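In what follows, a structure is listed as structure tokens, so that the remarks can point back to it.
The values are calculated or read from the model by the stated rules, or taken from the named source; none is laboratory data. Computed from a predicted model, the values in this text were never measured in an experiment. All Cβ positions, even for glycine, are placed from backbone atoms using ideal geometry, and neighbour counts span all protein chains on display. Ligands, DNA and RNA are stripped out before the accessible areas are found, and what is left, the full protein with its side chains, is counted by its heavy atoms. Shrake-Rupley method; radii C 1.70, N 1.55, O 1.52, S 1.80 Å.
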Amino acid sequence: VLCVTHLAQVAALGDVHFKVRKSQQSRRTVTRIEPLDETDRVEEIAGMISGSQVTDRSRAAAAELIAAR
């Protein structure tokens, strides 16, 4: 099952995480999909929780969500 979400509580339940990036190159949209390791996974979920300013508290909350699954 593939799930695309912006909700930290849903994302934390995943077994494997990827980051999807879109960019423009020569008037074309290019999409890149990168697998995330454990550290990147916590950072991404922390970003979902706190927005643009990731804090130690949001990292701790993200780690707690992942551990609780």
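Side notes on the structure shown:
- With contributions of -39500 (n - 2.57) from each DSSP H run of at least four residues, the per-residue ellipticity at 222 nm computed over the chain stands at -12000 deg cm²/dmol.
- When peptides 21-32, 53-64 are ranked by their average number of other Cβ atoms within 10 Å per residue, the highest-first order is 53-64, 21-32.
- On full extension, the segment bounded by Leu2 and Glu64 gains 20.1 nm, given 0.36 nm per residue less the C-alpha separation.
- Quotient of C-alpha Rg and 2.2 N^0.38 Å, computed over the chain: 1.20
- On the chain, 52 percent of the accessible area sits on carbon and sulfur atoms, based on a 1.4 Å probe.
- Normalised per residue, the accessible area of the chain is 81 Å², obtained with a 1.4 Å probe and no contribution from ligands, DNA or RNA.
- Rounded to 10°, Cα long-axis angle of helix 56-67 versus longest principal axis of the chain: 80 degrees
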